[in-house]
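Inspection log for the structure reproduced underneath, given as structure tokens.
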There are 2 protein chains.
Amino acid sequence: MIETPYLLFLGDAPDSLAAKVAQGIKDWRPQNAVGQFRMEGCKADMRLPDMTLEEARAAGAKTLVIGVANRGGIISAAWKKVLVQALEEGFDLASGLHNLLRDELDLVAVAQATGRQLHDVRVPSVQYPIANGVKRTGKRCLAVGTDCSVGKMYTALCMDREMKARGLKSSFRATGQTGILITGDGVPLDAVIADFMAGSVEWLTPDNDADHWDMIEGQGSLFHVSYSGVTMALIHGGQPDALVVCHEPTREHMRGLPGYKLPSLELVRDIALELAKVANPACQVIGYAINTQHMSEEDAQAYLADVEKRLGLPATDPYRYGADKLVDALAAI
Amino acid sequence: MIETPYLLFLGDAPDSLAAKVAQGIKDWRPQNAVGQFRMEGCKADMRLPDMTLEEARAAGAKTLVIGVANRGGIISAAWKKVLVQALEEGFDLASGLHNLLRDELDLVAVAQATGRQLHDVRVPSVQYPIANGVKRTGKRCLAVGTDCSVGKMYTALCMDREMKARGLKSSFRATGQTGILITGDGVPLDAVIADFMAGSVEWLTPDNDADHWDMIEGQGSLFHVSYSGVTMALIHGGQPDALVVCHEPTREHMRGLPGYKLPSLELVRDIALELAKVANPACQVIGYAINTQHMSEEDAQAYLADVEKRLGLPATDPYRYGADKLVDALAAI
């Protein structure tokens with residue numbers, strides 16, 4: 001569990017795209033971000049107050065979150081200087097970088113001397129159990145997709161936001177690095193050892209109030225040959241009551257797999273549901289989340305109308321048009 | 001890669017069941033076992049020559065394989081004495097125990113001093129790639145199951161033996177601890193990190209001669225909620241041309257999951273095939289391997305006849321009646 005609120009470290013980000021993690025925190029948990037820390041030459045701006053480390057501590061920030069992808073995969077000397085100072089000022093550090101904080105001996109030494117925590121959210125810090133398949137109380141909704149990176153995290157976050165806006169009980173459950181940094185907690189599922197994947201998802205979504213919904217961030221796709229095992233573990237460990245099928249209509253082939261066509265929505269619906277029923281016979285597909293970011297307003301509306309007509313369930317782009325339809329469908333379960 | 005041949009260490013095995021690994025080596029790779037080493041009180045017997053460490057070295061043994069499950073999950077002082085002597089006599093050590101050899105500081109010290117290897121086959125020793133889904137040359141057959149421990153390893157081993165008996169090109173590809181110790185090589189799939197599972201299976205079954213078959217050991221089941229992710233990775237990483245569906249008809253619930261009924265053969269056939277076609281559109285289900293060990297001769301024959309009639313494909317117990325039918329079916333692809 002990472003202590004909030006955060007100071008978002010943008011470093012010397014070459015552009016806003018490099019600051020995807022910081023953007024996610026700003027968009028989804030603005031209350032978690034008291035300000036941003038930018039170095040000379042930084043081209044990203046979250047439109048948060050620029051703060052020194054001292055100012056951010058005074059404003060209550062507990063953790064410096066590296067909100068930017070590093071160049072060349074290494075923590076530069078310029079970054080390191082700020083990170084060491086932050087530990088000395090009393091910040092914990094949190095990072096989703098491949099270059100782990102714990103592999104930097106100087107950071108480890110300073111963290112030990114100052115009693116601060118280094119959070120590498122890319123690697124698990126918990127010994128997860130093997131899944132036992134026992135039915136849990138509370139409700140769970142899982143986003144599954146035709147492909148990787150089609151909007152499963154955004155769909156779960158949009159639904160969680162809409163649930164909370166309606167005064168309903170909901171928790172977004174992060175299963176990837178960005179999601180974990182946004183919420184301060186979760187399971188880095190792609191880094192979990194095979195035998196414990198489904199168990200880690202059970203651990204993440206424990207017994208809860210009967211009217212509480214976990215909105216579980218999906219990963220990969222049953223139809224993506226590199227990562228389908230991770231998706232499978234989510235479907236069984238998550239024990240979902242509801243599935244939302246996510247899709248990006250302009251994608252020409254599976255991400256990173258030229259020659260692999262995307263499956264139809266119908267096929268994903270049928271196979272995911274059949275497998276989900278193993279863990280929860282009452283599971284239903286409740287709607288479709290279509291990522292229309294590369295489509296005109298007209299094309300997007302036409303596509304959504306076609307999906308609704310063809311598949312007989314609500315379809316929307318929850319980021320563009322809101323998650324009302326999907327949350328309405330959940331309420332009907 | 002573990003150096004063969006082996007001396008099989010049976011320790012103080014309380015019974016033959018505890019020596020499952022040794023039995024597997026004796027049954028499937030007898031040429032890999034020059035003899036057995038038994039301590040006082042050992043109740044297991046592989047009907048191999050009893051040898052001292054010295055005699056086994058003289059007979060050509062390169063590796064002492066721990067062929068027995070240890071009591072209480074720890075390497076006892078009595079075992080340790082033999083293991084240290086074995087290193088000093090020039091043996092490598094290989095083990096599938098949960099208690100890793102590498103976690104025993106004295107063994108590590110002696111291995112370093114003597115230049116010998118410690119093989120813990122329960123943990124991966126390779127940095128596996130992420131699966132790329134690129135079509136590979138050669139053919140692959142994967143055993144999938146209705147449940148865990150229904151005979152997937154034995155099916156693959158039986159088929160491999162029959163292929164070799166016919167002079168056909170075949171390799172058994174181990175994906176679990178016992179299989180790895182039997183063959184000296186493989187991937188401990190349940191211990192691989194999620195993102196690399198499918199890639200490890202691609203790595204295990206590389207390009208090969210057009211008429212060569214990999215007989216891939218299956219793991220878990222798409223319908224076993226604890227381990228289905230591992231099975232999924234095998235189906236996609238393995239790119240199988242042929243699937244054999246394995247089943248144990250007397251099982252009352254999924255292994256370790258009271259309340260979970262086994263899926264029908266039809267459902268496993270349909271779902272596994274649909275998912276296998278993602279990686280290899282030409283994949284076919286070629287037959288059924290039924291584990292009849294708990295059935296009378298009459299019941300077994302009746303069950304097999306019923307499966308053949310109902311499902312229209314060859315069905316046999318390959319361990320009890322031979323793998324001819326299944327290998328015939330492969331040859332027809």
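The values are calculated or read from the model by the stated rules, or taken from the named source; none is laboratory data. Note that the structure is predicted; figures quoted are calculated from it, not measured. Glycine gets a Cβ as well: all are built from the backbone with ideal geometry, and neighbour counts include every protein chain shown. Ligands, DNA and RNA are excluded from the accessible area calculation, which covers all protein heavy atoms including side chains. Shrake-Rupley method; radii C 1.70, N 1.55, O 1.52, S 1.80 Å.
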- Message: I'd like the full set of residues that are open to solvent by less than 30 Å² (accessible area, probe 1.4 Å) and touching a residue at least 40 places away in the same chain (Cβ under 8 Å), limited to segment B:23-36.
- Response: B:24, B:25, B:28, B:32
- In segment A:94-131, how many residues are surrounded by fewer than 16 Cβ atoms within 10 Å (Cβ to Cβ) and closer than 30 Å to residue A:247 by Cα? 2
- Note on the structure: Scanning segment A:262-280 residue by residue, those aliphatic (A, V, I, L, M), within 22 Å of residue B:237 (Cβ to Cβ) and either open to solvent by 60 Å² or more (accessible area, probe 1.4 Å) or touching a helix residue (DSSP H, G or I) at 6+ places or on another chain (Cβ under 7 Å) (or both) turn out to be A:271, A:272, A:275, A:278
- Message: Yes or no: segment B:244-253 includes at least one residue that is crowded, with 22+ Cβ neighbours inside 10 Å and within 8 Å of another protein chain (Cβ to nearest Cβ).
- Response: no
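Find the residue count for segment B:262-287, including only residues that are facing chain A (nearest Cβ under 9 Å) and among the small types (Gly, Ala, Ser). Let's see the steps before the verdict.
Of all residues in segment B:262-287, those facing chain A (nearest Cβ under 9 Å) come to B:263, B:267, B:270-271, B:274-275, B:278-279.
Retained after the next criterion (residues that are among the small types (Gly, Ala, Ser)): B:279.
So the count comes out to 1.
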- Leading residue by the ranking (nearest to residue B:332 (Cα to Cα)) among those in segment B:142-187 that are basic (Lys, Arg) and in contact (Cβ under 8 Å) with a residue 60 or more places away in the chain: B:166
- Message: Yes or no: segment B:266-284 includes at least one residue that is under 28 Å from residue A:280 (Cα atoms), hydrophobic (A, V, I, L, M, F, W, C), part of a loop (DSSP other than H, G, I, E, B) and touching a Leu at 6+ places or on another chain (Cβ under 8 Å).
- Response: no
- Message: Which numbered condition in (1) at the interface with chain A (Cβ under 9 Å from one of its Cβ atoms); (2) closer than 25 Å to residue B:138 by Cβ is the only one that residue B:195 fails?
- Response: (2)
- Query: When only residues in segment B:63-83 that are open to solvent by 50 Å² or more (accessible area, probe 1.4 Å) and closer than 18 Å to residue B:16 by Cα count, which is modelled with the highest pLDDT?
  - Reply: B:69
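Is it true that some residue in segment B:213-226 is part of a loop (DSSP other than H, G, I, E, B), at the interface with chain A (Cβ under 10 Å from one of its Cβ atoms) and more than 30 Å from residue B:321 (Cα to Cα)?
yes
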- Message: Considering only residues that are touching a Gly at 6+ places or on another chain (Cβ under 7 Å) and either in a loop (DSSP other than H, G, I, E, B) or open to solvent by 60 Å² or more (accessible area, probe 1.4 Å) (or both), which ones fall in segment B:320-333?
- Response: B:325
- Message: Pull out all pairs, ordered by first then second residue, where Cβ-Cβ is under 8 Å, the residues are six or more apart or on different chains, the first lies in segment B:1-20 and is over 19 Å from residue B:74 (Cβ atoms), and the second is aromatic (Phe, Trp, Tyr) and not in a helix (DSSP H, G or I).
- Response: B:7/B:37; B:7/B:91; B:8/B:37
- Query: Is it the case that some residue within segment B:266-287 is more than 26 Å from residue A:259 (Cα to Cα) and out of contact with any strand residue (DSSP E or B) (no Cβ under 8 Å at 6 or more places or on another chain)?
  - Reply: yes
- Query: Which of (1) open to solvent by less than 50 Å² (accessible area, probe 1.4 Å); (2) within 13 Å of chain B (Cβ to nearest Cβ); (3) part of a loop (DSSP other than H, G, I, E, B) does residue A:259 not meet, given it meets every other one?
  - Reply: (1)
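I need the full set of residues from segment A:171-212 which are part of a loop (DSSP other than H, G, I, E, B) and of a type in the set (Gly, Ala, Ser), in order please. Talk me through it step by step, then tell me what you get.
Kept after step one, since they are part of a loop (DSSP other than H, G, I, E, B), are these residues of segment A:171-212: A:174-176, A:184-188, A:192, A:205-211.
Scanning segment A:171-212 gives A:174, A:176, A:184, A:186, A:210.
For every residue, the table says whether it meets (1) touching a helix residue (DSSP H, G or I) at 6+ places or on another chain (Cβ under 8 Å); (2) part of a strand (DSSP E or B); (3) farther than 29 Å from residue B:152 by Cα; (4) at pLDDT below 95.
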site: B:20; (1), (2), (3), (4): yes, no, no, yes
site: B:36; (1), (2), (3), (4): yes, yes, no, no
site: B:41; (1), (2), (3), (4): no, no, yes, yes
site: B:46; (1), (2), (3), (4): yes, no, no, no
site: B:54; (1), (2), (3), (4): yes, no, yes, no
site: B:57; (1), (2), (3), (4): yes, no, yes, no
site: B:61; (1), (2), (3), (4): no, no, yes, no
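Do you know which of the residues in segment B:132-150 that are open to solvent by 20 Å² or more (accessible area, probe 1.4 Å) and touching a strand residue (DSSP E or B) at 6+ places or on another chain (Cβ under 9 Å) is nearest to residue B:262 (Cα to Cα)? Quick ask: steps written out before the conclusion?
First pass over segment B:132-150, keeping only residues open to solvent by 20 Å² or more (accessible area, probe 1.4 Å): B:132, B:134-137, B:139, B:149.
When the remaining residues are screened for being touching a strand residue (DSSP E or B) at 6+ places or on another chain (Cβ under 9 Å), the result is B:137, B:139.
Numbers: B:137: 35, B:139: 29 Å.
Only one residue tops the list, namely B:139.
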- Task: Test residue B:299 against the stated conditions and say whether it is open to solvent by 60 Å² or more (accessible area, probe 1.4 Å), acidic (Asp, Glu), within 14 Å of chain A (Cβ to nearest Cβ) and on the phi < 0 side of the Ramachandran plot.
- Result: no
